[in-house]
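Colleague: This is the structure, below, for whatever I ask next.
The values are calculated or read from the model by the stated rules, or taken from the named source; none is laboratory data. Values in this document were obtained by computation on a predicted structure and should not be read as measured data. Note that each Cβ is placed from the backbone with ideal geometry, even for glycine, and that neighbours are counted across all protein chains shown. These accessible areas exclude ligands, DNA and RNA; they are computed on the full protein's heavy atoms, side chains included. Shrake-Rupley method; radii C 1.70, N 1.55, O 1.52, S 1.80 Å.
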Amino acid sequence: MQAWGTVVVTLMLIVATVDAKIYERCDLAMKLEKAGLNGFQGYSIGDWLCVAHYESGFDTTFMNHNPDGSSDYGIFQLNSAWWCDNGVTPTKNLCHMECRDLLNRHILDDILCVKQVVSSQNGMNAWDSWIQYCYGHDLSEWLKGCNMNAKPDTERMT
């Protein structure tokens, strides 16, 4: 009987990780460029890669619980109090989505949501990691070795 319990738990873990993805930097860069993020609201692919790296390590299933009771979800760590509904935290749900939808390899919904985030008054200042690690830094390193057309923006609206 205990063996069946182990099998069920193992199968649940396998199913949960099947849709997970930790992106390679250049693969993510191409996906973000294809989705129209290069130059969106004045931010470059380098900005997006820098944020995704420091927020989640490019891991689509990364989740963080905050002291205020909210949680951050997915590759861009979108917060449940503002951007998505986790069924627990009081939320504005400005992206009109469930937080669990941010925890899979399909990041188009994440991208649509981050477009809303940077279109808000705070822009990329919404991410503390962007302020600390990306803003004012040379972001061209994020695209080195990636065979793509995106170039780092040198002029940005902030």
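Colleague: Where does the charge balance sit around TRP127 when Lys and Arg score +1, Asp and Glu -1, over other residues with C-beta under 11 Å from its C-beta?
Modeller: Result for the local shell: -4.
Colleague: Go through 82-88, 21-27 and give me the packing order, highest mean Cβ count within 10 Å leading.
Modeller: 82-88, 21-27
Colleague: Counting only heavy atoms of the protein chains, get the accessible area per residue of the stretch 32-158 (1.4 Å probe) and round it to a whole Å² value.
Modeller: Result: 52 Å² of accessible area for each residue.
Colleague: When the distances between all Cα atoms of the stretch 94-141 are binned every 10 Å from zero, what whole-number percent does each bin get?
Modeller: Spelled out bin by bin, the stretch 94-141 gives 24, 41, 31, 4 percent.
Colleague: Now for a separate question. List, in the order given, every pair from LYS31/LYS115; LYS92/LYS115; LYS115/LYS144 whose Cα-Cα distance in the structure shown is over 20 Å. Walk me through the intermediate numbers first.
Modeller: On the way: LYS31/LYS115 14 Å; LYS92/LYS115 16 Å; LYS115/LYS144 24 Å.
Violating the 20 Å limit, Cα to Cα: LYS115/LYS144.
Colleague: On to the next question. 5 Å is the cut-off here: which amide hydrogens, built 1.01 Å from N in the peptide plane, fall below it relative to ASN79, excluding neighbours closer than 5 in sequence?
Modeller: TYR73
Colleague: Quick query: amide H of GLU98 versus all other amide H atoms, modeled in the peptide plane; which residues come in under 5 Å with a sequence gap of 5 or more or a different chain?
Modeller: Those qualifying (amide H under 5 Å, at least 5 residues apart or on another chain) are ASP85.
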